[in-house]
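The values are calculated or read from the model by the stated rules, or taken from the named source; none is laboratory data. Just so it is clear, the structure is predicted and the values come from calculations on it, not from any experiment. When we count neighbours, we look across all protein chains shown, and the Cβ atoms used for this are built from the backbone with ideal geometry, even at glycine.
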Amino acid sequence: MIQAKIINRIDFPKITLQDTLLEIADKIIIQDIKDGIGMGRAITGGALPENDPKTVKRKGHSRQLIDTGELKESFSYRPQGKSKVIITIDTGRRKIAGYLQNEGIQTLHGIKYYRFFGISRDASNNAIRYVNNKIRELTSGKGK
């Protein structure tokens with residue numbers, strides 16, 4: 001028979017996937033989408049298509065996807081299960097957002113797609129960095 005004596009109690013840090021995903025959704029992904037809209041940047045890294053001159057005249061400025069500010073503030077997130085977070089566009093802006101992103105606007109020179117909703121390469125890299133830092137913090141004893 002083997003006898004063992006516990007000498008030290010080891011406290012393993014608790015890493016809660018759901019909480020980390022909620023933080024990433026809020027602080028990184030949604031913020032990146034909002035920043036991209038504000039800077040006229042697509043999630044693919046390039047610029048959003050220029051607005052038609054008639055649209056610029058109607059709005060009084062050339063900033064793409066910004067008219068009333070409703071779209072930029074319509075992103076939300078919610079947990080689903082224990083290891084998934086859903087990021088979505090609120091109901092009031094979902095139809096137009098889907099149209100701009102997926103169907104595009106027909107112009108004389110082709111279809112303009114406004115690719116603003118999703119996870120950009122920068123957001124993905126920032127999320128990975130965030131998780132790595134969180135793990136490092138928790139395993140060093142600083143995050144308990």
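Structure summary
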item	result
Some residue of segment 49-68 being buried (at least 16 other Cβ atoms within 10 Å of the Cβ), modelled with pLDDT under 95 and closer than 18 Å to A127 by Cα	no
Segment 46-74, residues that are among the polar types (S, T, N, Q), without any contact (Cβ under 8 Å) to a residue 12 or more places away in the chain and part of a loop (DSSP other than H, G, I, E, B)	T68
Residue in segment 61-78 that is out of contact with any strand residue (DSSP E or B) (no Cβ under 8 Å at 6 or more places or on another chain) and over 18 Å from G36 (Cα atoms) present	no
Per-region count, segment 105-135, residues of a type outside the set (V, I, T) and touching a residue at least 40 places away in the same chain (Cβ under 8 Å)	15
Every residue from segment 75-115 that is touching an Asp or Glu at 6+ places or on another chain (Cβ under 7 Å) and basic (K, R)	R93
Residues satisfying the stated conditions in segment 41-82, i.e. closer than 17 Å to I28 by Cβ and of a type in the set (G, A, S)	G45, S76
Sole residue being surrounded by 15 or more Cβ atoms within 10 Å (Cβ to Cβ) and more than 17 Å from the chain's Cα centre (by Cα), chosen from G118, G92, G104	G104
Residues within segment 75-92 that are within 24 Å of L21 (Cα to Cα) and assigned to a helix (DSSP H, G or I), tallied	1
